[in-house]
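Submitted below is the structure of interest, expressed as structure tokens.
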Amino acid sequence: MNQRVFPAATGRVPPGAIGHNRGVVRPNYAFMPPEGVLVSRLPHYKDTIARILAAPVLGAGFAQYVLEIAPGGGTAAAFAEEGVQHFFYGLAGEAAFGLAGSAAKPLAAGGFAYLPPGTPFTLRNQTAETVRVLALRKRYEPAPGFAVPEPILSHQDAVPMTNHTGMEGRGFQFLLPYGDLRFDFEMNLMWFKPGVCFPAVETHVMEHGLYMLEGQGLYLLGAEWHEIWARDFIWMGGYCPQQFYPTGQGDACYLLYKNVNRDVP
Ligand code: UGY
Ligand code: MN
């Protein structure tokens, strides 16, 4: 018989208080450690686990996932979505990424792909190891007089590191062409040397999806500080007060989604 056993009855209760959780969901932000994000499966992906991080039900204007693609898994057939842009960023392992019907190319850790609305793609794992990819979907907001952007398949190593802040220890890699008004969102790698924080608390109309890639720190959301580690995810809605203070001994880096370049509705 399939009987559920309360952990206390087994004597194998994990350390710490039962119910302790770094995760928080508020009306305009959410902090999600990975252990609480359960498994989904999607009809157009074979042998793939999707950990859905941001979704409209949370309040987000976009969707974000970690895809865990088992060997031999991935998109069953070329997939395209009318009106919706896709962005992929390689976290671990090497995926085979086919863009708009062309031969598949490697998408390894640090590699990324941008697909304008309606562009068909394939994403498969032809290796013997599980592949982890961060995926994002956003409905395209056209701008009158501006063309739809072209697809991009590249790697973060090909993107220059910039720093417009004048603050020593900050680093920015704009994975999508910065200031190009055809794009309605940015995906930015934000680098911090130990102890280098934002100069001020930000409060802005743009929303964010933040995936922590390296290092650790304290993140201010609203009026509360949260300890953040690699693989944690944060959704910040518009006007969520925010600040980052890295606390680790090495560099900290996160990948940040931000909606930009469009007027308010
Ligand atoms: O550009 C930004 O909005 C960025 N500084 N925000 C953030 O890292 N939370
Ligand atoms: Mn911000």
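The values are calculated or read from the model by the stated rules, or taken from the named source; none is laboratory data. Everything numeric here is computed off the predicted structure, so don't read it as measured data. Cβ sites come from the backbone with ideal geometry, for glycine too, and all protein chains shown count toward neighbours.
State all residues of the stretch 127-150 that are surrounded by 15 or more Cβ atoms within 10 Å (Cβ to Cβ) and under 27 Å from PRO71 (Cα atoms); if no residue qualifies, say none.
Correct list: THR127, THR130, VAL131, ARG132, VAL133, LEU134, ALA135, LEU136, ARG137.
Which condition number in (1) surrounded by 15 or more Cβ atoms within 10 Å (Cβ to Cβ); (2) of a type in the set (Val, Ile, Thr); (3) farther than 23 Å from PHE87 by Cα is the one that THR203 fails?
(1)
Also, I was wondering about something else. Does GLU68 satisfy the condition of being modelled with pLDDT under 95, outside any loop (DSSP other than H, G, I, E, B) and not polar (S, T, N, Q)?
no
Another question, if that's okay. Can you tell me which of (1) within 10 Å of ligand 1 (Cβ to nearest atom); (2) surrounded by 15 or more Cβ atoms within 10 Å (Cβ to Cβ); (3) assigned to a loop (DSSP other than H, G, I, E, B) is the one THR165 doesn't meet?
(2)
Within 25 Å of LEU210 (Cα to Cα), part of a loop (DSSP other than H, G, I, E, B) and modelled with pLDDT under 95: which single residue out of GLY19, GLY61 fits that description?
Result: GLY19 is the single residue among GLY19, GLY61 that is within 25 Å of LEU210 (Cα to Cα), part of a loop (DSSP other than H, G, I, E, B) and modelled with pLDDT under 95.
Moving to a separate point now. For the stretch 207-248, which positions are closer than 21 Å to LEU176 by Cβ, under 16 Å from the mean Cα position of the chain (by Cα) and surrounded by fewer than 18 Cβ atoms within 10 Å (Cβ to Cβ)?
Of everything in the stretch 207-248, just one residue is closer than 21 Å to LEU176 by Cβ, under 16 Å from the mean Cα position of the chain (by Cα) and surrounded by fewer than 18 Cβ atoms within 10 Å (Cβ to Cβ), namely GLU214.
May I ask you to say which residue of THR130, THR75 is in contact with a Ser or Thr (Cβ under 6 Å, 6 or more places away or on another chain), closer than 20 Å to LEU42 by Cα and in contact (Cβ under 8 Å) with a residue 40 or more places away in the chain?
Result of the check over THR130, THR75: THR75.
Of all residues in the stretch 84-113, which are in contact with a Phe, Trp or Tyr (Cβ under 6 Å, 6 or more places away or on another chain) and closer than 30 Å to TYR239 by Cβ?
GLN85, PHE87, TYR89, PHE112
Okay, next question. Out of all the residues in the stretch 169-178, is one or more within 13 Å of ligand 1 (Cβ to nearest atom), assigned to a loop (DSSP other than H, G, I, E, B), more than 24 Å from PRO56 (Cα to Cα) and free of Cβ contacts under 8 Å to residues at least 24 places away in the same chain?
The answer is yes; a qualifying residue exists.
Just the residues that are over 21 Å from VAL84 (Cα atoms) and among the aliphatic types (A, V, I, L, M), please, taken from the stretch 108-125.
ALA108, ALA109
Give me a count of the residues in the stretch 202-249 that are assigned to a loop (DSSP other than H, G, I, E, B) and either away from ligand 1 (no atom under 11 Å from the Cβ) or under 15 Å from GLY61 (Cβ atoms) (or both).
Result for the stretch 202-249: 17.
In the stretch 180-201, which residues are in a loop (DSSP other than H, G, I, E, B) and within 13 Å of ligand 1 (Cβ to nearest atom)?
If the condition is that a residue be in a loop (DSSP other than H, G, I, E, B) and within 13 Å of ligand 1 (Cβ to nearest atom), then VAL196, CYS197, PHE198, PRO199, ALA200, VAL201 are the ones that fit.
Could you run through the stretch 250-265 and say how many residues are of a type in the set (Val, Ile, Thr) and within 11 Å of ligand 1 (Cβ to nearest atom)? Give the derivation first.
In the first step, residues of the stretch 250-265 are kept if they are of a type in the set (Val, Ile, Thr); the result is 260, 264.
Now narrow it down to the ones that are within 11 Å of ligand 1 (Cβ to nearest atom): 260.
Going through the stretch 250-265 one residue at a time, the tally reaches 1.
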